[in-house]
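Remarks on the structure that follows.
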Amino acid sequence: MPPETIQAVVADYFANLQAMNLEGWVKNFTKDATVHDPVGKPPNNALETAPKFFGLLSMAFEKLQLSQDQIFVAGSGAAVKWTMRGWGRNGKQGMTEGISVFEIHESGKIQQVSSYWDEAAMMAQIRRS
């Protein structure tokens, strides 16, 4: 698979996540794709749990900003070091960094994504009083 195909699907994943665009985000996944976000929580089927996931995002965040700081493409996958800034609906801001590892199916869609980051610390930042 050409590296440009992998980079394009990963960029679209982040763009739609930042825009909190459910329909655009799910089109990047295979039907049986799994999401480990963050790693350590039980994995989810991306398509089945996306509506709930995006509902929670939109309840907590007014705006998200995601930057792909570094992307490493190898074989049929990629690892991305990223930074996320979030503005809570309560006006509080938070920032976190992480790494997401993508496995891309031969169809050019995401088969699995595993994200390593501290979700609890990010949420604590936007909840602080």
| Cα-based helix-to-principal-axis angle, 3-18 vs the chain, degrees rounded to 10 | 20 degrees
| note | Given unit charges at Cβ for Lys, Arg (+) and Asp, Glu (-), the dipole magnitude of the chain about its Cα centre in debye, nearest 20, is 560 debye
| query | Which lysines have a Cα lying under 20 Å from the Cα of Lys92, excluding residues fewer than 8 positions away in the same chain? | reply | Lys63
| note | If N is the residue count of the stretch 3-127, its Cα Rg over 2.2 N^0.38 Å rounds to 1.00
| task | Any chance you could give the angle, 0 to 90 degrees and rounded to 10, that helix 46-60 forms with the longest Cα principal axis of the chain? | result | 20 degrees
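Throughout, read-outs are computed from the coordinates displayed, never taken from laboratory work. This one's a predicted model, so the numbers in the text were calculated from it and none came from an experiment. Heads up, the Cβs are rebuilt from the backbone with ideal geometry, glycines too, and the neighbour counts pull from every protein chain shown.
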